[in-house]
Structure formats: C-alpha cells, structure tokens
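Enquirer: Okay, here's the structure, questions in a sec.
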Amino acid sequence: MSHALSAGEGGSGVSLATRQRTVLVSLIVDFVLWLPDIAAAILSGSIVLFADAVKCANEILATFLAYLTIRKMAKGGAGTYDYGMGKFETMTSVVTGGVMFISLALVFFAAIDRIVEPESIVHEGAYLGIFLMIIGVCMNSYLWKKNERLNRQEPSPIMDSQWRLFRTKVISDFSVLLSLIFSIALSRFAWSFYIDPLASFSSPESSSYQAPG
C-alpha cells in the first residue's frame, strides 16, 4: 500500500504537505532559538543553559529526521529499505527517542560536574537566557498544540513524537526559566550556586517520551 497516497486521504484529509510544512516550521523555530541559546549559555556560565543548548541540538536533529521522512513520503518514494516507508517512519520516531535519551545523559553528567565544582552564574548572560526561555515557552506551546491537533486528526508516529517533543520542550524551558530567576534572586546566598546544576536534573525527557508502537 502506498503511504504517499493513503496519508493524505481518510476521514480527516490531513495532507502530507500540511505535515511537512508544520515540521519545517518547527525545525526553523528550533534553529532560530538555538543560536542565541548558545550565546546565553556562554555569557552566563549557566550549566542549565548549556545543557539546554546541547539538548536543543539533539532535538533539532530529531526534527530534521522527521522532516526528511515526511518529505520522502510526499514524493511518493518507496524508500531504499525493504521494510518500506511505514516502518521507516516508525524507525525515525524511535531514533528521536534515542536522541532524547542521549540528551538526558549529557544533562546528567554536566550537572554532576557543576555540583562538584559550584560557581555563580553571570547575571547579564542569565537575563538573556530568561528572555529566550519566555519566548521558547510561548513558541513551543503553540507548536505543541498544533502538532497534537494534527496528530489527533490523523495519527502518525512522526506527528505523535513531534507533539510530545514540543510538550517536553515547554516543560524544560519553563524549568530553566525558574532556575535562572531563583539563581539571580537568591545569589547572595552561597547555597544558591547549587540551584543551577540541580535544576538540570528536572529535565522531563525521561518521563514524557513514549516510543511509538
């Protein structure tokens, strides 16, 4: 059965073009927000911002894989794999889960290193991080709901992983936002140095991702 034909048909008529456009927008938003995120991590010396930048890089890769899959389906290609486009789409979603697991491991080890050698974050860089996290929460909330709505109209392993990914990003960005605010507000206390690395452990990826079945 041809995925390219069936994906645009059915009860809801959600086309592959719509999916492709939605994932492309997600990819562009991720990349645009990622670059200043790196700058904020460098300027602030914040381990939680550094971990967020590393995690975002892996999420951009995951979204790029999703975009390639849908683009291939839209062109009607059967793929070079014996298992066909349907299983290729599922495989790509599993890769997304693997990438998210790697991100979680990077966050964990980076946080441990900062706990062993605690230091204060640079406030000027942290202010930039706060601004970026507010934008991130707003944009990722929009993409979460949009992808969830499309997946509800016509279920797909790719779109299912995408809306879960952006839900994770909303929770993660909000956690980083709170961490930066508290680190600055309580900076006069020596124990506040631990807020930044400990907040890295709040990464929700381990619980929010579900591999497609």
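Enquirer: Cut-off is 10 Å between beta-carbons; in what order do SER46, SER192 appear when sorted fewest neighbours first?
Expert: Sorted ascending by nearby Cβ count, the order is SER192, SER46.
Enquirer: Can you tell me the dipole magnitude for the range 14-208 around its Cα centre, using point charges on the Cβ only (Lys, Arg +1; Asp, Glu -1), in Debye to the nearest 20?
Expert: 840 debye
Computed from the coordinates by the stated procedures, all read-outs in this text should not be read as laboratory data. Small disclaimer: the values here were computed from a predicted structure and weren't measured. In this analysis, Cβ positions are derived from the backbone assuming ideal geometry, glycine residues included, and neighbour counts consider all displayed protein chains.
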